[in-house]
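Notes follow the structure.
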Amino acid sequence: MGSGLSVQDIRIRPTDPEQEQRMNILYEDSDVIVCHKPASIATQTARIGEKDMLSELKNYLYSTSGHDSYVGLIHRLDQGVEGILVFAKTASAAADLSRQITEHTMKKSYYAVVCGDIKQQSATLTDYLMKNGRDNLSKVVSANTKGAKRADLSYECIRSDEVRNLHVLRINLITGRHHQIRVQLAHQGLPLVNDFKYGYHGDKIGTDGIALCAYKLCFHHPVTQREMEFEIKPAAGVFLQIGE
């Protein structure tokens, strides 16, 4: 992918290569588990027979400990999105990590491939979003709409394929709203590649899900308060098909 999408310094490295291969575990201790979720699996699902990260982690911990273990869901990624997730192994760790999300001290960065005409190479977007629970979609509404939630993110364009009018964006997520990146970029006329729910009308590129990857996660360890930083390289084929 070149320097824009290269893996930079990962401060915490996997201690068990078999764990990394089996569960995409980047780091584990007595308080947290950090994983690389593929685009093909949900973070959590109620669908019978369908795998999800939460259930897989519970099964993994049972296989290693011989008993049911606590796994706290801290944040989510849509099923079609790959990226880094942190799970808590104790209720106190879950409470501290949830506090970091509420206080916006947990930092999340993404790569996205969008289609359309970019008017600004970098920008900060502020919108108000409303979720429709019936169809599980969100939309941009006016600021005075009852129930609307403010959504903020910043982006910069780091690579473009001018022939196909595709662009790789680096995104810093400031708030964490339902489908936020997908909705805000679509509202700018820049739908994510393969995101047919939010305005992408081109051909499907690659065999993976939506062209969105949560590539970097920074937080403080819930017990030691040590700064933790994890970074991955997108595995989805759509990222590999954007030229240098």
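Here are some notes:
- Mean sequence separation of contacting Cα pairs (under 8 Å, at least six apart), scaled by the length of segment 134-176, corresponds to a relative contact order of 34 percent.
- Amide H contacts under 5 Å for Ala42, placed H, 5+ residues apart: Met53
- For the peptides 107-118, 138-149, residues were scored by their other Cβ atoms within 10 Å and the scores averaged per peptide; the highest-first order is 107-118, 138-149.
- Shape class for segment 99-244: oblate, because the ratio a/c of the largest to smallest gyration tensor axis (alpha-carbon atoms, square roots of eigenvalues) is 1.5 or more and b/c is at least a/b.
- Peptides 126-135, 54-63, 75-84 ranked from most to least packed give 75-84, 54-63, 126-135, packing being the mean of other C-beta atoms within 10 angstrom over each peptide's residues.
- Derived scalar couplings ³J(HN,Hα) [segment 24-39; Karplus, 6.51 cos²θ - 1.76 cosθ + 1.60; whole Hz; x for Gly, Pro]: 6, 7, 8, 6, 8, 9, 6, 10, 9, 10, 10, 10, 9, 7, x, 5
- Average projected area [Cα convex hull, the chain], square nanometres: 14.1
- Amide H contacts under 5 Å for Asp208: Gly237, Val238, restricted to partners 5 or more places along the chain or on a different chain, H placed in the peptide plane at 1.01 Å from N.
- For segment 169-185, Karplus couplings with θ = phi - 60° (6.51, -1.76, 1.60), whole Hz, Gly/Pro x: 10, 9, 10, 9, 8, 8, 10, x, 9, 4, 6, 4, 4, 4, 6, 5, 5
- Amide H contacts of Val141 (H built 1.01 Å from N, under 5 Å, at least 5 apart or other chain): Tyr128, Leu129, Met130
- Fluctuation leader among Ala42, Ala123, Ala88 - the chain, Gaussian network, Cα springs under 10 angstrom: Ala123
- Counted by Cβ distance under 13 Å from Gly199, the other residues give a net charge of +2, where Lys and Arg count +1 and Asp and Glu count -1.
- Relative contact order of the chain, defined on C-alpha pairs under 8 angstrom at six or more residues apart (%): 22
- Low-density loop positions, GluC sites (Glu not before Pro), segment 94-200 - DSSP coil, at most 14 other Cβ in 10 Å: Glu103, Glu162
- Solvent-accessible area, 1.4 Å probe, carbon plus sulfur percent, for segment 182-244: 50
- Beyond 22 Å in Cα-Cα separation lie the following of the pairs Lys149/Lys197; Lys107/Lys233; Lys58/Lys216: Lys58/Lys216.
- Normalised per residue, the volume of the convex hull around the Cα set of segment 141-221 (Å³): 133
- Estimated vicinal HN-Hα couplings, Hz - segment 77-91 in sequence order (Karplus 6.51, -1.76, 1.60; Gly, Pro = x): 10, 4, 4, x, 10, 9, x, 8, 10, 10, 10, 9, 9, 9, 5
The values are calculated or read from the model by the stated rules, or taken from the named source; none is laboratory data. These numbers come from a predicted model, not from an experiment. So basically every Cβ, Gly included, is an ideal-geometry build from the backbone, and we count neighbours across all protein chains shown. Side chains included, ligands, DNA and RNA excluded: accessible areas come from the protein's heavy atoms. Shrake-Rupley method; radii C 1.70, N 1.55, O 1.52, S 1.80 Å.
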